[in-house]
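Data block below; observations after.
The values are calculated or read from the model by the stated rules, or taken from the named source; none is laboratory data. This one's a predicted model, so the numbers in the text were calculated from it and none came from an experiment. As a convention, Cβ positions derive from the backbone with ideal geometry for all residues, glycine included, and neighbour counts pool all protein chains shown. Just the protein is used for accessible areas: all its heavy atoms, side chains included, with ligands, DNA and RNA removed. Shrake-Rupley method; radii C 1.70, N 1.55, O 1.52, S 1.80 Å.
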Amino acid sequence: MNMQNVKKAAAAAVILAVMLGGCKKKNAGSDEAEASFAVNTYKTSAERLDDYLEFGGDVVASSVVNILPDTAGKLSRKLVTVGDFVKKDQILAYIDPSRPGMTYSENPVKSPVAGTVTSFPLSIGGTASPAAPLGQISSTEHLEIQINVAERFVSRIKTNQSAVVTLDAYPGQKFSARVFEISPVLDTSTRTLKVKLQLEPPDPRVKAGMYARVKLITEELNNVIVIPFDALVQRDDKTYVFAVERTTQDSAAGGQVGTPGVVHLHEVTQGIHVDDKIEISGGLNAGDEIVVRGQSLLNDGSKVNIMSAR
């Protein structure tokens, strides 16, 4: 090997040594740096949690009475229209009982009760009969909501239970209601129980015939620890949450972005699960801060950066 080749080999050895040394230093540095995970947290407090059953129902008048004529014949005069308020015994229409070759006086049709005319479909000249109602009179000032409860839920229904009602006509608005009547028997064809509710207080915007969505409150829990359901972590057939221990003096709820902390696994006992929330009956105290997002990669003792807190 000549001198020039010796110099080239030596230079290559030096470059290789420098590269290896750099790689080793970089690896050593990465071992010393511990991973920190970005998380969102939630500060627990004593809250109220209501369990409920949800049903669809109809808004109906509390009293509906049929209008029946005393005699058969043709409807000759119609004195009211749908929406009119009438008094008891007020004349609503006249029936002409005349037949070919026989002429009779008109027979008045009187209102059986006071209320609002909600149906009167028969037109002038139409045939009326004592067996067929001319229309209906309803007490629209007193409305009720009727729901049908499946047999498996009957044991959870009680008189005076409160409910939250929503109507398609008023999106985003909630109305309060209460159970005032429960049928003593089930419908054998549908295996359902008829339940009636009243709005409290009554609201003139609500009309008979509207469709109602009813959340019937079956259990009310007060002063319990409630957390987002997604905060739970399942490991080794047990349920945990990650509680946060902040490592700076700034520990206020809603702290600054990037506030550092350390997390610890807390085994918890679950209570009732309602929508996206769950009751924690053991393992947490009011004021504990827990991880609600970013917990899937965490372990006990992991370092975190709290990006958002509420």
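Data overview
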read-out: Selection status of Glu106, surrounded by fewer than 15 Cβ atoms within 10 Å (Cβ to Cβ) and in contact (Cβ under 8 Å) with a residue 24 or more places away in the chain; value: no
read-out: Test for Asp230: is it open to solvent by 40 Å² or more (accessible area, probe 1.4 Å), acidic (Asp, Glu) and touching a strand residue (DSSP E or B) at 6+ places or on another chain (Cβ under 9 Å); value: yes
read-out: Count of residues meeting criterion [aromatic (Phe, Trp, Tyr) and outside any strand (DSSP E or B)] in the stretch 139-192; value: 2
read-out: Selection status of Phe120, more than 23 Å from Glu219 (Cβ to Cβ), open to solvent by less than 40 Å² (accessible area, probe 1.4 Å), out of contact with any helix residue (DSSP H, G or I) (no Cβ under 7 Å at 6 or more places or on another chain) and hydrophobic (A, V, I, L, M, F, W, C); value: yes
read-out: Residue match in the stretch 256-263 (condition: open to solvent by 90 Å² or more (accessible area, probe 1.4 Å), outside any loop (DSSP other than H, G, I, E, B) and not charged (D, E, K, R)); value: no
read-out: Test: Val241 is modelled with pLDDT of 95 or more and within 17 Å of Ser45 (Cβ to Cβ); value: yes
read-out: Top-ranked residue of the stretch 123-145 - restricted to ones that are closer than 21 Å to Lys88 by Cβ and of a type in the set (Ser, Thr, Tyr), ranked as least open to solvent (accessible area, probe 1.4 Å); value: Ser138
read-out: Selection count, the stretch 159-191, where residues are in contact with an Asp or Glu (Cβ under 7 Å, 6 or more places away or on another chain) and not small (Gly, Ala, Ser); value: 4
read-out: Selection within the stretch 177-223 - over 18 Å from Ser63 (Cβ atoms), hydrophobic (A, V, I, L, M, F, W, C) and either open to solvent by 70 Å² or more (accessible area, probe 1.4 Å) or at pLDDT below 95 (or both); value: Val185, Leu221
read-out: Out of Asp275, Asp288, sole residue that is in contact (Cβ under 8 Å) with a residue 60 or more places away in the chain and of a type in the set (D, E, K, R); value: Asp288
read-out: Ala309 being modelled with pLDDT under 90, open to solvent by less than 50 Å² (accessible area, probe 1.4 Å) and among the hydrophobic types (A, V, I, L, M, F, W, C); value: yes
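Here's the yes/no breakdown for (1) open to solvent by less than 20 Å² (accessible area, probe 1.4 Å); (2) closer than 21 Å to Ala208 by Cα; (3) in contact (Cβ under 8 Å) with a residue 24 or more places away in the chain:
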{"site": "Asp58", "(1), (2), (3)": "no, yes, yes"}
{"site": "Asp89", "(1), (2), (3)": "no, no, no"}
{"site": "Pro97", "(1), (2), (3)": "no, no, yes"}
{"site": "Val149", "(1), (2), (3)": "yes, yes, yes"}
